[in-house]
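Asks: Please find one structure pasted underneath; my questions will follow.
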Ligand SMILES: *Cc1c(COP(=O)(O)O)cnc(C)c1O
């Protein structure tokens, strides 16, 4: 039997695996972390070292690794029904979860369509919106409006409506062209201007785009309050209030991509709640199963549903499908997740944890090379800048974030900066002591990374 160690698994891995979001050559210098076990907010490698999972395993984990209550629910389901086709068949986990999602999402969302990852949920929302207009006698409404620096996933449609250059550049010729409006991102506001005021000011660009393009536009798609992959950039809910009103006025759908923000991340169950709005489509994934299994859902309303409900011969149906649509195991994980929100007062507990995060990060704001420390609930980011007065970034080629990553690993923390942006997006079960560790490690890492 082969020896079990980090080194041995890394050797085998690099022989056969191709990792996501990775320049594989980097692994000549940057070791992989072979994980064999997780418990709470921690991950253990094959050599027995533990790492605090400050990124919730790519923003999916909510209640810790190997959470007994979620595991039990999946185990019970797996012995009854592992999977069944969802076209023509139904099953209790899919129905119960749809009922629960309709109940917890903003008022008016009444229909749940399942897919199995975030990008495909975005594809569904884009297609449904387009198809709605087509079925309603408006086949000319073909375009989408998005925000600069947005991210909606990496399948071809989802990539088209995103705006993060590194993911998109190579595929540009394959993609649809959205109408891109400058994001209301707090980082770019003038000194002395509040987030709310900045959001108001930035809305003129959206209003102008809607004015010019509403007749040919199916939907506006946004990440409410928080652009994660775009560097944990944040904005004020006022923008969403204005956007909802303007989309209604111009007859354009609003797609809220809550794939990363949903399930308590920004402080409320859904980010849209902070603006008191109901989108026409809400995309959910990531935290939906608390990081256990791939599952996604698109919630929409009766008006949209009705536009597809017709005689078979009209050929109006929404035919989009994935083999694993509504997988019962994934639905069971999601049901356990929602039950945890019910039984434990998760959002109240998170408010305390978020306050501790703010406290632990407060010293970072004083750092001569930190341009902004920002937070929405359980997401906190510190943006490293070369020149604080000018908010000038470090050139990306310098990979300053990588210094923070390496330092954090030495200290037993898995922190993965996005370029110059150091952030924490921990599992909700993180303890006060662990939050303090994040504070220390980020401060040291930023010090190291910005020296010279
Ligand atoms: C992660 C993410 C997606 C894509 O979800 P996948 O499951 O990775 O395909 C889409 N939108 C947002 C806002 C995300 O953060």
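Asks: Using the 10 angstrom Cβ neighbour count as an exposure proxy, how do 58, 195 rank, fewest first?
Replies: Least to most surrounded, the residues fall as 58, 195.
Asks: I would also like to ask the following. Pull out the extension gain between residue 7 and residue 57, defined as 0.36 nm times the separation in residues minus the alpha carbon to alpha carbon distance; nm, one decimal.
Replies: Stretched out fully, the residue 7 to residue 57 stretch lengthens by 15.8 nm.
Asks: Another question, then. Identify the residues of segment 299-320 with backbone N under 18 Å of a label point that sits 7 angstrom from the Cα of residue 134 along the Cα-to-Cβ direction, or state none.
Replies: In segment 299-320, the label zone of residue 134 (backbone N under 18 Å from the point 7 Å along Cα→Cβ) covers 304-320.
Asks: A follow-up question, please. Express the relative contact order of segment 68-169 as a whole percentage, based on alpha carbon pairs under 8 Å and six or more residues apart in sequence.
Replies: Reported relative contact order: 17 percent.
Asks: Turning to a different aspect of this structure: Hey, with R₀ at 22 Å, roughly what FRET efficiency would residue 167 and residue 386 work out to, going by the Cβ-Cβ distance, to 0.05?
Replies: That pair, residue 167 with residue 386, gives E of 0.35.
Asks: Taking N as the number of residues in the chain, what is its alpha-carbon radius of gyration divided by 2.2 N^0.38 Å?
Replies: The value comes to 0.98.
Asks: Can you give the relative contact order of segment 71-343 as a percent, counting alpha carbon pairs under 8 Å and 6+ residues apart?
Replies: That works out to 28 percent.
Asks: Give me the base-10 log of I(q)/I(0) for segment 1-93 at each q in 0.12, 0.18, 0.19 Å⁻¹, Debye formula, one uniform scatterer per Cα, rounded to two decimals.
Replies: -0.60, -0.99, -1.03
Asks: If we sort 422-429, 138-145, 383-390, 113-120 on the protection proxy, mean other Cβ atoms within 10 Å, highest first, what's the order?
Replies: Highest to lowest by the protection proxy: 422-429, 113-120, 138-145, 383-390.
Asks: Given Cα pairs under 8 Å that are at least 6 residues apart, what percent is the relative contact order of segment 148-272?
Replies: Relative contact order comes out at 24 percent.
Asks: Moving to a separate point now. How much FRET efficiency would the formula 1/(1 + (r/R0)^6) give for residue 343 and residue 71, where r is the Cβ-Cβ distance and R0 is 22 Å, rounded to 0.05?
Replies: Using R0 = 22 Å, I get an efficiency of 0.85.
Asks: Another question, if that's okay. Quick check on the chain: helices-only [θ] at 222 nm, where DSSP H runs of length 4 and up contribute -39,500 (n - 2.57) each and the sum goes over total residues. Nearest 500, please.
Replies: -11500 deg cm²/dmol
Asks: Just the number, please: percent antiparallel of the DSSP beta bridges in the chain, rounded to the nearest 5.
Replies: 65
Asks: May I ask you to compute the full-extension gain from residue 351 to residue 17, defined as 0.36 nm times their residue separation minus their alpha-carbon distance, rounded to one decimal in nm?
Replies: Result for the pair: 116.3 nm of gain on full extension.
Asks: Sorting check: for 76-84, 300-308, which peptide has the highest mean count of neighbouring beta carbons within 10 Å, and how do the rest follow?
Replies: Listed from highest to lowest mean packing, they are 300-308, 76-84.
Asks: Sticking with the crude label model, points 7 Å out along Cα→Cβ, report the distance from residue 323 to residue 311 in nm, one decimal please.
Replies: 3.7
Asks: Stretch residue 95-residue 396 to full length: gain in nm at 0.36 nm per residue minus the Cα-Cα span?
Replies: Full extension from residue 95 to residue 396 adds 103.7 nm.
Asks: In nm², what is the average projected area of the convex hull enclosing the Cα atoms of segment 67-213?
Replies: For segment 67-213, averaging the hull's shadow over all directions gives 13.8 nm².
No value in this document is a laboratory result; all are computed from the given coordinates. For clarity, every value in this text was computed on a predicted model and none was experimentally measured. Methodologically, a virtual Cβ is constructed for each residue, glycine included, from the backbone with ideal geometry; neighbour enumeration extends over all protein chains shown.
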